[in-house]
Each structure stands twice: as structure tokens, then as C-alpha cells.
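These notes are about the structure you will find just below.
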Amino acid sequence: MIWIDGVLVSPGEGGVYGERMLKDHRVWDPRRSKLAALFAKGGGRDLDPQMRILYLGAANGTTVSHVADYVESVYAVEFAPRPMQDLIEVARRRKNVVPIMADATHPVEYAPLVEEVDMVIQDVAQPDQAGIVLANLPFLKQDGVYILMLKTRSVDVRADPDAVITATVRNLEAGGLKVHAATRLEPFHRDHAALVCTRK
Ligand code: SAM
């Protein structure tokens, strides 16, 4: 990853969402992106030029655009029409982004479009986030990494976030994953944790 004077950046063309530039690189703000927050907290996994990524919950492509600056290709899944319009604009300017309008709970919808990937990044605010992980696991290479950005309040708005994290880790491990770390994303994102997983 590229850090300039302690600031995480990505090496692409600017002007995607009004991000700052620093020495000709795009500043990747941990307050705008959970993946940047995970890197800021020391728990990120490096993105390399030969990697293919499946990104679930692409929204308007803020984080996708930075990931695309580092890797070979990003399959970006989003189901809401409004952010999809912005995502298509991101894909117009970044030829390695494949925008897919589909529901991440129904991977059969996009299975014909997506190759096996080195990493899945999931950021969808849904009640059954662990279930979505297990449904999308077939896309992950045997030695790939799955990063779940867990929004605990979407699982159970009243439960203690740490209890939701513990229950989610248990569900993922029962589904055949090893959870290497669960990193709380405060102070950047409240009641969120990033779970970094591989197959057992
Ligand atoms: N990851 C984005 C970023 O950092 O730029 C922000 C993602 S936003 C928190 C969550 C997005 O997930 C929303 O745009 C929402 O429409 C999308 N989403 C929620 N459930 C989904 C589903 N089942 N399938 C596809 N997208 C979904």
C-alpha cells in the first residue's frame, strides 16, 4: 500500500468524489471508507496489481475506485439504482471496474459474470451478513481472503456490538472460515468491525 507522510493514498486519476490529492495521489480517507479505516488501524491486507476483487455493496464507488487503483479488476455489485448511476460513471473512467446491478443475497444472479477472485470485500448493511458471506464464498480462490465489514446494528439494533461480532465469528467458523482478526473501526465508523477471514 502507498502511504505518503503517514497518509494512505491510491495511485489513480482524481476527481471521483471530491477527494484530496497529495503529491499526485488520491487521499483515501478512513472516515469515508471502511477499508481505509481498516488499513489505518493496521489490519488491512495488501492489494496487489495482479489481484481480482469481488466487492459487494459498492454503493457509488468511493471505496471501489481506490481499490481499482491498486488491482487488476474489481467486480462491483450494488442493488440500489441511484448509487448504481455513480458507480457506472466510476466504471466509465476506470476500465478495470465491472459494475453489476444485483442482489448480494442471490449470487446466482451474477455467477455467470464473475471469475474466481483473490479477495471478497463485503459492505452491505443487512441482517444476515454472515449468511451473505457463506453464499458468496464459492467465488473466493482456495487461498483467498474474505473481508466482511460488519455493521452490527443491522444484525441487531439493540444488541451489544461485541456480542454481535462474537456471534458472527461463530457463524462464519461454523461455515468453514477461519476468522483471523475482528477489528473495531472506531473512531472512524461507529458499531462496525472488519472481519478478516480465510478458508479453514
Ligand atoms: N462500500 C461502500 C463504500 O465504501 O464506498 C459503501 C457501502 S454502503 C454502506 C452499503 C451499500 O450496500 C448500499 O449502497 C446498499 O444499497 C448496498 N446493499 C445493501 N444490501 C445489498 C444487497 N443485498 N445487494 C447489493 N447491494 C446491497
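The values are calculated or read from the model by the stated rules, or taken from the named source; none is laboratory data. As the structure is a prediction and not an experimental result, all values here were calculated from the model. As a convention, Cβ positions derive from the backbone with ideal geometry for all residues, glycine included, and neighbour counts pool all protein chains shown. Protein only, heavy atoms only, side chains kept; ligands, DNA and RNA dropped before computing areas. Shrake-Rupley method; radii C 1.70, N 1.55, O 1.52, S 1.80 Å.
Being open to solvent by 30 Å² or more (accessible area, probe 1.4 Å) and modelled with pLDDT under 95 is a description that does not apply to R184. Please go through the stretch 66-95 and pick out each residue that is assigned to a helix (DSSP H, G or I), open to solvent by less than 70 Å² (accessible area, probe 1.4 Å) and more than 8 Å from the ligand (Cβ to nearest atom). Answer for the stretch 66-95, where residues must be assigned to a helix (DSSP H, G or I), open to solvent by less than 70 Å² (accessible area, probe 1.4 Å) and more than 8 Å from the ligand (Cβ to nearest atom): H66, V67, A68, D69, Y70, M84, D86, L87, V90, A91. Look through the stretch 53-65, keep the residues that are assigned to a strand (DSSP E or B) and among the hydrophobic types (A, V, I, L, M, F, W, C), and return whichever of them is surrounded by the fewest Cβ atoms within 10 Å (Cβ to Cβ). Residue satisfying both the conditions and the ranking: I53. The criterion of at least 3 residues that are of a type in the set (A, V, I, L, M) is met, among helices (runs of 4 or more DSSP H) falling completely within the stretch 99-200, by 129-136, 161-174.
Check whether at least one residue in the stretch 104-112 is among the aliphatic types (A, V, I, L, M), more than 19 Å from G6 (Cα to Cα) and over 14 Å from the mean Cα position of the chain (by Cα), and report yes or no. Within the stretch 104-112, one or more residues are among the aliphatic types (A, V, I, L, M), more than 19 Å from G6 (Cα to Cα) and over 14 Å from the mean Cα position of the chain (by Cα).
Considering R31, R45, the condition of being within 12 Å of the ligand (Cβ to nearest atom), under 21 Å from H192 (Cα atoms), out of contact with any Asp or Glu (no Cβ under 7 Å at 6 or more places or on another chain) and open to solvent by 60 Å² or more (accessible area, probe 1.4 Å) is satisfied by R31 alone.
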